[in-house]
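S.K.: Before anything else, here's the structure in question.
The values are calculated or read from the model by the stated rules, or taken from the named source; none is laboratory data. Being a predicted model, the structure only gives us computed values, none of them experimental. We place every Cβ from the backbone using ideal geometry, glycine too, and count neighbours over all the protein chains shown.
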Amino acid sequence: MLGVALALTAVGAWWLRRRDGAVRAAEGGQERTATAVLEGLGVRPGDAELTVVQFSTAFCGPCRATRARLQQLQATRPGLAHVDVDAESHLDAVRELGVRRTPTLFYLDRAGRLIGRSSGTPRPEELTRLVEAHVAPAPARDGGGL
Amino acid sequence: MLPAHPPTGREVDVRGPRAAAWVTSAVLAVALLTGSGVLVALQAAVFAVGAFAGLRYAPYGVLFRVLVAPRLGPVREREPEAPARFAQLVGLVFAVVGAAGYLSGAPLVGAVATGLALVAALLNAAAGFCLGCELYLTVRRARPARTT
């Protein structure tokens, strides 16, 4: 029994290393619904180059660290918007979006397209890369460049 | 002399719960090996103190603060207490089922529940992953929506 428990732990740890915090692309068809649900919560992707919507709960250790990291990124990338949603008071949206864990993050571009989502503490390098790919440093320029 | 208290009762040194998770893992592993319901019941009592009285009074946390923390140097990082406290409650549920299983002559129930508690404690200790905290939203989701 002890062996089984140790094996389960090893599998769990391995799964976490692979999945935790990794940004996944939205599955087909899910994109539109997700954007609609998030806009229903008052999220306005058109206001920023990249909007990160974070679902949090009070019983979530990594949520605070994630929030701090995003706020830190915002300091150098003003085109980044961060919206914190309390998962518990929006359970309908949580179900529609298939949010199972916190923090779960949704990344929306200015057109409201869902770029991806991630669950767990985002990986620092991946998050930075994503932000840098979508948000220009310092004063944001309008339109144009890729 | 007690070491200095945290500025608010709502935050704990991140190393505390992690160290406590190692102790919990060791206790549960021994309980699994020996099939001791009494040991699981003792661990349940430890969980109960942490969950209901707060981590400040949690036995392993106190041991950490008094014996280990002073040797480790200053606190680098604090975390909110609520998630870890909720996890103690989840641990309590598993430990109670485990102890009841062993003590009432259903060793399989005892072993499965104790084993699951061990997995959760080990994941927390080794990977810093709080399974109890993650379960919170899952439990809340399962309940019918009645927020008005």
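S.K.: Kindly indicate whether A:Val94 is within 14 Å of chain B (Cβ to nearest Cβ), under 21 Å from A:Arg32 (Cα atoms) and out of contact with any helix residue (DSSP H, G or I) (no Cβ under 7 Å at 6 or more places or on another chain). Spell out how you get there, then give the answer.
M.R.: Details: within 14 Å of chain B (Cβ to nearest Cβ): yes; under 21 Å from A:Arg32 (Cα atoms): yes; out of contact with any helix residue (DSSP H, G or I) (no Cβ under 7 Å at 6 or more places or on another chain): no.
Judged against the criteria, A:Val94 is not a match.
S.K.: While we're here: Take residues that are farther than 19 Å from B:Ala111 by Cα and over 11 Å from the mean Cα position of the chain (by Cα) and tell me which of the helices (runs of 4 or more DSSP H) falling wholly in region B:20-85 contain 2 or more. Even if it seems obvious, please write down each step before you answer.
M.R.: Working: elements: B:37-48, B:59-63, B:69-72.
In region B:20-85, the matching helices (runs of 4 or more DSSP H) lie at B:59-63, B:69-72.
S.K.: Continuing with the same structure: What do you reckon, is B:Leu116 within 11 Å of chain A (Cβ to nearest Cβ) and closer than 21 Å to A:Arg19 by Cβ?
M.R.: Working: within 11 Å of chain A (Cβ to nearest Cβ): yes; closer than 21 Å to A:Arg19 by Cβ: yes.
So B:Leu116 passes the test.
S.K.: Additional query: Which one is modelled with the lowest pLDDT, of the residues in region A:7-36 that are in a loop (DSSP other than H, G, I, E, B) and surrounded by 16 or more Cβ atoms within 10 Å (Cβ to Cβ)? Full working, then the answer.
M.R.: Applying the first criterion (in a loop (DSSP other than H, G, I, E, B)) to region A:7-36 yields A:20-23, A:25-29.
From what's left, surrounded by 16 or more Cβ atoms within 10 Å (Cβ to Cβ): A:20-21, A:23, A:26.
Details: A:Asp20: 90, A:Gly21: 91, A:Val23: 92, A:Ala26: 76.
Only one residue tops the list, namely A:Ala26.
S.K.: Out of B:Leu131, B:Leu135, B:Leu118, B:Leu103, report the one residue that is buried (at least 24 other Cβ atoms within 10 Å of the Cβ), in contact (Cβ under 8 Å) with a residue 40 or more places away in the chain and among the hydrophobic types (A, V, I, L, M, F, W, C).
M.R.: B:Leu118
S.K.: Identify all residues within region A:60-78 that are over 20 Å from A:Val23 (Cα atoms) and either part of a strand (DSSP E or B) or in contact (Cβ under 8 Å) with a residue 40 or more places away in the chain (or both); write none if there are none. It would help to see each step written out before you state the result.
M.R.: Initial filter on region A:60-78 (over 20 Å from A:Val23 (Cα atoms)): A:75-76, A:78.
Hits for region A:60-78 are A:Thr76, A:Pro78.
S.K.: Name, by its number, the condition in (1) in contact with a helix residue (DSSP H, G or I) (Cβ under 8 Å, 6 or more places away or on another chain); (2) facing chain B (nearest Cβ under 8 Å) that does not hold for A:Gln54.
M.R.: (2)
S.K.: For residues in region A:1-23 being within 27 Å of B:Leu32 (Cβ to Cβ) and touching a residue at least 60 places away in the same chain (Cβ under 8 Å), which is farthest from the other protein chains (Cβ to nearest Cβ)?
M.R.: Just the residues of region A:1-23 that are within 27 Å of B:Leu32 (Cβ to Cβ), to begin with: A:1-17, A:20.
Going one step further and asking which of them are touching a residue at least 60 places away in the same chain (Cβ under 8 Å), we end up with A:16, A:20.
Values: A:Leu16: 6, A:Asp20: 7 Å.
Per the stated criteria, the residue is A:Asp20.
S.K.: Identify, by number, the condition in (1) away from chain B (no Cβ under 14 Å); (2) loosely packed, with under 15 Cβ neighbours inside 10 Å that A:Tyr107 doesn't meet.
M.R.: Only one criterion is unmet by A:Tyr107, namely (2).
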